[in-house]
1. Taking the radius of gyration and the Kirkwood hydrodynamic radius from Cα positions alone, what is the Rg/Rh ratio for the stretch 22-76, to two decimal places?
2. Using a simple spin-label model with points 7 Å from Cα along the Cα→Cβ vector, what separation in nm is obtained for Q55 and A77?
3. Between S66 and S43, take the C-beta separation as r, use R0 = 25 Å, and let me know the FRET efficiency to the nearest 0.05.
4. Hey, any idea what % of the stretch 10-86's accessible area is carbon plus sulfur with a 1.4 Å probe?
Amino acid sequence: MQSDTTLGTFGTDQASILGQINVPIYDGGTAASQTRQAKEMASQSRLVLEQVRNQSRTAVASAWVSNEGTKIALTAAESEVRAAGVALQGVRREAAGGSGQRSTSSTRSRI
């Protein structure tokens with residue numbers, strides 16, 4: 001409040017603000033429940049992701065072992081083919097030489 005003593009009048013300033021806010025005082029735990037649910041879903045998603053990662057690692061390891069086994073089997077089969085080729089050449093040379101019978105170097109003992 002202001003006063004001017006020379007004029008003898010009084011002046012007043014007034015202002016007012018009017019507003020309305022609607023905030024529920026109690027929401028029945030909905031916000032907390034939704035937060036817990038979101039956290040639980042995120043946790044489940046992480047578990048599923050970890051399970052898929054583990055399955056992928058297992059599948060990769062299994063495929064690697066299978067691949068290595070196949071390489072070994074292929075090498076063995078190639079060796080067998082080479083040995084069979086050498087044996088075939090020996091039989092052909094025998095046949096071409098006219099030997100007629102193949103001999104063995106093992107000795108049998110008679111009882």
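1. In the stretch 22-76, Rg relative to Rh is 1.57.
2. It works out to 3.1 nm between the two label points.
3. Efficiency, from the Cβ-Cβ distance: 0.10.
4. C and S atoms contribute 60 percent here.
The values are calculated or read from the model by the stated rules, or taken from the named source; none is laboratory data. Please read these numbers as outputs of a predicted model, since none were measured by experiment. Note that we place each Cβ from the backbone using ideal geometry, even for glycine, and neighbour counts take in every protein chain shown. To get the accessible areas, we keep the full protein, side chains included, count just its heavy atoms, and leave off ligands, DNA and RNA. Shrake-Rupley method; radii C 1.70, N 1.55, O 1.52, S 1.80 Å.
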